[in-house]
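Where a number appears in this text, it was derived from the coordinates with a stated rule and is not lab data. These numbers were taken from a predicted model, which means no experiment stands behind them. Using ideal geometry, Cβ is built from the backbone for each residue, glycine included, and neighbour counts are taken over all protein chains shown.
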Amino acid sequence: MILKKTLLYMLTSALSALIVTSACSKPAEETKATIDPEEVPSVAALNIKVPLAGNAYITTLGAAEEINENGLANWTSQTAVTSTYFRVSKKGLLSIGLRGKVVGGNSTVKLTVNGKSFNVKLSGEAVTSYPAGNITLTDTGYIKVDLQGVSKTGNYFGDIAEILIGGPATTGDLVFANDPENYYWSRRGPSCHLNYTIPSEDKEYFYSELTVPEGEDVPGSYFMANGFGEGYFGIQVKSATERWILFSVWDPAEGNGMTQLVRKGDDITAQRFGGEGTGGQSYMVFNWKAGTAYKFLTRGKPDG
């Protein structure tokens, strides 16, 4: 049955706890590492650039620092931590450093790889490559590199464009985002989907239940309960103080019109959305709770 893309019916209510978990909520296991006694690597040995623009996150909540198209910017706080990720498929020596500049003054920053730290002194307004140290990886997998300020003579610790890596550990399959056109997507949170077997006969209603585990309701998260090819229905954490029940329907293919609102309740806000495609969006501000199960019922039927 082909469903007309209209907003038809939404229903949510609380019921007894039903824990739904997913592999997405489990953090990646970090690779064990030890400090290598060899001297600091040469710049030539650091032949691979891992752009912060596509692979780094400000992991300190409420920090004023930001990741933009050039990397880490507005770095003023000594307590702010920026984490960059990549994945290696080989063990052995990993050489590491960073590439950046300081606008006004000098600074010392700390680069930490799996709990092992190196201090790097930065100076000059020209983008420069700075070696940090060597580490011997005893396992393959994800590597997390943390950056934190130690001291500065000016207003900023520096603008950091890339983490530099090299050595035998980087000669196998190496995974990180390196397409600037897709940095927006690569830095978004991971997404997991559960698919249902579609019945052969026509159906008018789809029902599911969803519980967000306590502690997993971080700001920015969206949990889709009833999703379909043309839209999605679920709950969202808009901010530390606001939460939504959200139902959206994409517009048909170009040239085939737009999604039209059929009706809505008094507490529902309905509007157009854009940015990631276009369509009709409806939401209700509702302070849903982690650890509580909610029911979702979606009704869809042809209007002809």
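Simple point charges give the picture: +1 on the Cβ of Lys and Arg, -1 on the Cβ of Asp and Glu, and for region 150-304 a dipole about the Cα centre of about 460 debye.
Look at L111, L98 and count the other Cβ atoms within 10 Å of each Cβ; fewest to most, that gives L111, L98.
Phi angles across region 139-154 convert, under the Karplus curve 6.51 cos²θ - 1.76 cosθ + 1.60 with θ = phi - 60°, into 3J(HN,Hα) values of 7, 9, x, 6, 10, 10, 10, 9, 10, 8, x, 10, 7, 7, 9, x Hz, Gly and Pro given as x. Which residue fluctuates the most in the chain, going by a Gaussian network model with Cα springs under 10 Å, if the choices are D139, D173, D217? Highest fluctuation of the listed residues: D173.
The fewest-to-most ranking of V120, V249 by surrounding Cβ atoms within 10 Å reads V120, V249.
Would you mind pulling out the separation of the Cα centroids of region 164-219 and region 94-163, in Å? Each part reduced to its Cα centre gives a spacing of 29 Å.
For region 238-278, the set of trypsin sites (Lys or Arg not before Pro) satisfying both a DSSP loop assignment and a count of at most 12 other C-beta atoms within 10 Å is given as R263.
Can you pick out the pairs among K144/K238; K238/K301; K91/K116; K90/K144 whose Cα atoms lie more than 23 Å from each other? List each step's numbers first, then the result.
Numbers: K144/K238 27 Å; K238/K301 30 Å; K91/K116 17 Å; K90/K144 15 Å.
With Cα atoms farther than 23 Å apart: K144/K238; K238/K301.
For region 230-264, applying the loop criterion from DSSP together with a ceiling of 15 other beta carbons within 10 Å to the GluC sites (Glu not before Pro) yields E242, E254.
Restricting to DSSP H runs of at least four residues, report the calculated mean residue ellipticity at 222 nm for the chain, -39500 (n - 2.57) per run over all residues, nearest 500 deg cm²/dmol.
Numbers: 2 runs with 8 residues, N = 304.
Value at 222 nm, helices only: -500 deg cm²/dmol.
For the residues S123, S239, S83, a GNM of the chain with alpha-carbon springs under 10 Å puts the largest fluctuation on S239. Comparing E209, E181, E66 in a Gaussian network model of the chain, where Cα atoms under 10 Å apart are tied by springs, the biggest mean-square fluctuation is seen for E181.
For region 188-220, the set of chymotrypsin sites (Phe, Trp or Tyr not before Pro) satisfying both a DSSP loop assignment and a count of at most 10 other C-beta atoms within 10 Å is given as Y196.
Listed values for region 73-85 are Karplus-derived 3J(HN,Hα) couplings in whole Hz (6.51 cos²θ - 1.76 cosθ + 1.60, θ = phi - 60°), namely 9, 6, 7, 10, 8, 6, 8, 5, 10, 10, 10, 10, 10, and x replaces Gly and Pro. Close amide H pairs (under 5 Å, H built 1.01 Å from N) link V212 with G291, T292, residues at least 5 positions away or on another chain. Could you run the Debye sum over the Cα atoms of the chain, one equal point scatterer each and no solvent, and tell me log10 of I(q)/I(0) at q = 0.14 Å⁻¹, two decimals? Debye output, listed in q order: -1.04.
Think of each Lys and Arg Cβ as +1 and each Asp and Glu Cβ as -1; about the Cα centre, that makes the dipole of the chain roughly 260 debye. Assuming charge only on the beta carbon of Lys and Arg (+1) and of Asp and Glu (-1), the dipole of region 33-186 about its Cα centre is about 320 debye to the nearest 20.
Hydrodynamic estimate: the Kirkwood radius of region 33-186 over Cα pairs, inserted into Stokes-Einstein at 37 °C and 0.692 mPa s, corresponds to D of 214 µm²/s.
Fewest Cβ neighbours within 10 Å first, please rank D303, D266 accordingly.
Values: D303 9, D266 5.
The most exposed by this proxy come first: D266, D303.
Of the residues L61, V109, I198, the one whose Cα sits farthest toward the positive end of the charge dipole of region 52-200, with +1 on the Cβ of Lys and Arg and -1 on the Cβ of Asp and Glu, is V109.
Close amide H pairs (under 5 Å, H built 1.01 Å from N) link G279 with D251, F273, residues at least 5 positions away or on another chain.
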